[in-house]
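A short write-up of the structure that comes next.
The values are calculated or read from the model by the stated rules, or taken from the named source; none is laboratory data. Every value quoted in this text rests on a predicted model; they were computed, and no experiment measured them. Using ideal geometry, Cβ is built from the backbone for each residue, glycine included, and neighbour counts are taken over all protein chains shown. Surface areas here come from the heavy atoms of the whole protein model, side chains and all, with no ligands, DNA or RNA. Shrake-Rupley method; radii C 1.70, N 1.55, O 1.52, S 1.80 Å.
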Amino acid sequence: MLNNIYNTLGNMRIRTRLFLICLIAIIAFLSVASINLLNYNKTVKQASYFRELVELAPIIGNLIHEFQKERGASAAYISSIKNEEPKQQLFLQKTITDKAIEDFIAKIQNELNQTKNNNLRNAFNTVTTKMMNLNENRDRVTEYSITNAQMTSFYTDTIKSLLTLFSVVEKLIDNGSITKRYIAYENFMEAKEKTGLERAYGAIGYSKGSFKGDVYINFISHIAQQEAYMETFQEYASSASVDFVQTTLADKDIQEHLKLRNLALDSLNTGNLENITVTQWFSAITKRINLMKQIEDHLIQELLTISLNSEHEAYRNFLIILFSSLLVSILIICGAYILALSISRPLEDITKSIHKISSVTMEQEIPHKEMQNSIGEIARALHQFKLTITRNIELEKQMQEQEEKERQHQRLKQNIKRSEEARKKLLKLKNQAEAANQSKIEFLANMSHEFRTPLNAIIGFSDLIKQKILGSNSDSRYQEYATDINNSAVHLLELINDILDLSKLESQKIKLIEDDISLSKLLEPILSVLSHAIIGKKITLDFDNDQLDKIVIYVDKKRFKQILLNLLSNAVKFTSPNGNISIRATTHNVSGLIIVIKDNGIGMKSTDIPKAMSPFTQLDGSISKRYDGTGLGLPLANKLVKLHDGTLELESQLRVGTTATIWLPKSRLMMKQGTLHTLKSISL
């Protein structure tokens with residue numbers, strides 16, 4: 001291999017070899033550059049994907065905000081029965097919420113169509129499931145058939161499922177700066193939600209005129225959770241965002257809310273709410289929530305700006321690497337070309353001079369041989385070189401003639417050898433074709449008998465019934481004829497199924513449908529089918545049902561039943577009356593499962609086993625054969641065992657019996673039962 005490469009390179013021109021060296025260097029550089037470009041392109045796509053995920057935040061946040069407002073409006077409506085102002089506010093808020101739901105579903109659905117993330121899809125499905133009960137909840141609020149606690153629980157659960165979307169999106173974003181700001185935004189949204197819950201429970205307390213029990217506990221709990229989330233927000237938010245929050249929440253409207261909050265907290269001791277109405281409380285805290293909405297919009301804008309800048313930076317880096325790689329490639333190519341020319345041109349000039357000398361015919365006399373100087377020495381050297389070349393040419397010509405004769409002789413021998421091999425192959429193919437044709441002829445003869453017998457029965461018996469030859473239809477023999485028709489049709493169907501199954505196996509169109517099943521359950525329906533023949537021939541069947549029940553295998557139930565049925569039906573068919581059939585199974589930690597079906601029937605010659613395993617072939621080939629069958633049972637069983645990663649082996653001795661052994665790998669064995677099972681003999 002190396003010699004061939006060396007010789008190939010040695011035959012190249014100097015310029016070609018120089019260009020090849022430069023080409024290798026260029027390819028290596030372009031490979032590294034391509035890898036970098038692919039990585040930067042991947043970074044650009046990731047940045048674009050992160051931006052799309054961040055764009056989900058304002059849609060989710062807007063829907064949360066509208067649900068929070070609807071929850072507050074619903075609380076005010078329930079607490080102020082038959083008051084028109086809360087009713088109008090609630091009706092208007094429902095319209096706004098419905099629009100936010102439409103925007104949310106459209107945006108999320110578009111994102112789901114572009115991503116295969118199951119966590120995002122599951123979270124979205126959870127939200128839509130919650131929202132399916134929205135209209136029912138709204139009707140109950142309108143009818144005053146729901147308590148504030150029940151209503152609040154519904155909206156809170158729905159908002160919680162929406163907040164879960166933030167957590168899912170956060171895990172999808174793999175960018176440090178974006179993730180940090182996203183966590184800050186997520187915690188702020190949690191704090192805003194707790195403020196909304198504070199509004200709801202405050203409305204309950206002020207409507208009742210007191211904050212006691214669960215109302216007070218929930219009220220103070222949500223205030224504490226607000227502070228915890230805001231602390232986490234300040235940890236992850238930018239300093240500019242923290243300053244914006246502090247400036248926004250320093251508004252004078254916040255003081256009114258804080259005053260009413262402290263009044264509610266102190267009421268547990270004072271018992272005095274100073275006749276503050278639900279409307280006053282709702283108005284004060286709603287101003288705070290509206291200010292928090294402004295902060296939310298600011299944080300979203302910051303997130304979008306960061307994600308967009310990240311995408312632009314990634315794209316800019318990609319373009320820089322792309323144009324840099326192109327520029328360096330051009331410089332390398334130009335430099336390589338100039339370097340190759342600087343080396344190859346002088347060598348080509350020298351080569352042209354040598355060609356001028358070599359173009360002179362050998363009859364041409366070399367002049368200046370008589371000169372006693374350097375020119376004479378060169379001339380004499382050239383003359384000697386010419387004589388040497390002349391002698392070498394003559395010798396080479398003689399050698400070429402001899403080699404040509406040798407090659408002709410070798411070609412003749414090879415042609416004779418190939419002709420003999422071709423004759424042997426053609427003879428072998430002829431014999432195989434004749435054998436296959438004979439098998440098909442025998443199979444068609446067998447099939448004509450197998451098909452003609454049940455068809456004659458079907459036609460004959462049905463004609464007797466049709467013409468009522470035996471009289472009225474009440475004659476009991478009609479029932480027997482109908483049974484014979486049915487049996488003949490079933491037999492005919494079995495023949496066709498065997499042929500179709502073998503065809504599917506040959507074309508590899510059968511797919512296994514696998515499951516766990518014990519050997520005893522596989523054998524139970526088979527023995528039921530064969531019981532009539534077994535009892536009729538008084539055959540003793542040896543097997544240990546309890547032991548077989550403990551062996552569980554992973555197979556296609558239908559196909560494996562067919563394997564066992566084909567083997568057992570052959571054993572029953574070819575076993576003489578009062579004969580014996582045994583079924584044994586052993587398992588091993590290494591070799592797997594071994595199933596042995598042994599009979600003492602007529603058996604066969606060992607040389608006939610390959611023929612018995614071939615499709616469309618029977619050992620008894622005459623039409624008036626003693627035993628019925630198509631010759632497909634064993635080939636079908638063999639192919640189905642192979643389809644289960646196993647092997648089927650036959651051992652047989654004429655007039656002694658046949659042993660069929662199925663080997664299945666350990667992977668098919670579901671339960672380890674030891675290396676050997678002791679089996680008992682049971683007569684059926």
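Selection of the range 529-540 for residues being open to solvent by 80 Å² or more (accessible area, probe 1.4 Å) and either small (G, A, S) or in contact with a helix residue (DSSP H, G or I) (Cβ under 9 Å, 6 or more places away or on another chain) (or both) yields only V529.
Considering the range 274-284 alone, what residues qualify as being out of contact with any Asp or Glu (no Cβ under 9 Å at 6 or more places or on another chain) and assigned to a helix (DSSP H, G or I)? Full working, then the answer.
Taking the range 274-284 as the starting set, the residues that turn out to be out of contact with any Asp or Glu (no Cβ under 9 Å at 6 or more places or on another chain) are 274-278, 281-282.
Across the range 274-284, the qualifying residues are V278, W281, F282.
Residues that are modelled with pLDDT of 90 or more, under 36 Å from the mean Cα position of the chain (by Cα), open to solvent by 30 Å² or more (accessible area, probe 1.4 Å) and hydroxyl-bearing (S, T, Y) occur in the range 642-650; there is at least one. Close contacts from the range 504-527, counting a first residue that is under 15 Å from R668 (Cβ atoms) and buried (at least 16 other Cβ atoms within 10 Å of the Cβ) and a second that is among the aromatic types (F, W, Y) and at pLDDT 90 or above, with Cβ to Cβ under 7 Å and a gap of 6+ residues or different chains, come to L522/F560.
Name the one entry in K130, K192 that is charged (D, E, K, R) and under 18 Å from A57 (Cβ atoms).
Working: K130 fails: under 18 Å from A57 (Cβ atoms).
That would be K192, the only listed residue that is charged (D, E, K, R) and under 18 Å from A57 (Cβ atoms).
Against the definition (open to solvent by 40 Å² or more (accessible area, probe 1.4 Å) and either assigned to a helix (DSSP H, G or I) or at pLDDT 90 or above (or both)), how does K598 come out, yes or no? Answer is yes for this residue. Looking at Q294 and the list (1) over 25 Å from V169 (Cα atoms); (2) open to solvent by 30 Å² or more (accessible area, probe 1.4 Å); (3) touching a residue at least 12 places away in the same chain (Cβ under 8 Å), which single condition is not satisfied? It fails just one condition, (1).
Yes/no matrix, rows are residues, columns are (1) in contact (Cβ under 8 Å) with a residue 60 or more places away in the chain; (2) of a type in the set (D, E, K, R); (3) open to solvent by less than 40 Å² (accessible area, probe 1.4 Å); (4) on the phi < 0 side of the Ramachandran plot:
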{"residue": "T195", "(1), (2), (3), (4)": "yes, no, yes, yes"}
{"residue": "E198", "(1), (2), (3), (4)": "yes, yes, yes, yes"}
{"residue": "G202", "(1), (2), (3), (4)": "yes, no, yes, yes"}
{"residue": "K208", "(1), (2), (3), (4)": "no, yes, no, yes"}
{"residue": "V215", "(1), (2), (3), (4)": "no, no, yes, yes"}
{"residue": "N218", "(1), (2), (3), (4)": "no, no, no, yes"}
{"residue": "E227", "(1), (2), (3), (4)": "no, yes, no, yes"}
{"residue": "M230", "(1), (2), (3), (4)": "no, no, yes, yes"}
{"residue": "Q234", "(1), (2), (3), (4)": "no, no, no, yes"}
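When only residues in the range 367-389 that are β-branched (V, I, T) and at pLDDT 75 or above count, which is surrounded by the fewest Cβ atoms within 10 Å (Cβ to Cβ)? Let's see the steps before the verdict.
From the range 367-389, those β-branched (V, I, T) are 375, 378, 388-389; that's our starting set.
Restricting the remaining residues to those that are at pLDDT 75 or above gives 378, 388.
Values: I378: 14, T388: 10.
Here the answer is T388.
Within the range 245-273, the set of residues being open to solvent by 30 Å² or more (accessible area, probe 1.4 Å), more than 18 Å from K293 (Cα to Cα) and not in a helix (DSSP H, G or I) comprises G271, N272. Exactly one residue out of L319, L291 is modelled with pLDDT of 85 or more, within 30 Å of S34 (Cβ to Cβ) and not acidic (D, E): that is L319.
Answer yes or no as to whether I26 is open to solvent by 70 Å² or more (accessible area, probe 1.4 Å), of a type in the set (V, I, T) and either more than 26 Å from V169 (Cβ to Cβ) or modelled with pLDDT under 75 (or both). Write out each step before concluding.
Working: open to solvent by 70 Å² or more (accessible area, probe 1.4 Å): no; of a type in the set (V, I, T): yes; either more than 26 Å from V169 (Cβ to Cβ) or modelled with pLDDT under 75 (or both): yes.
No, not satisfied.
Among the residues here, S207 qualifies as of a type outside the set (D, E) and modelled with pLDDT under 85. Taking the conditions exactly as written (in a strand (DSSP E or B) and over 25 Å from K642 (Cα atoms)), does L593 satisfy them or not? No; evaluated as a whole, the condition is false for this residue.
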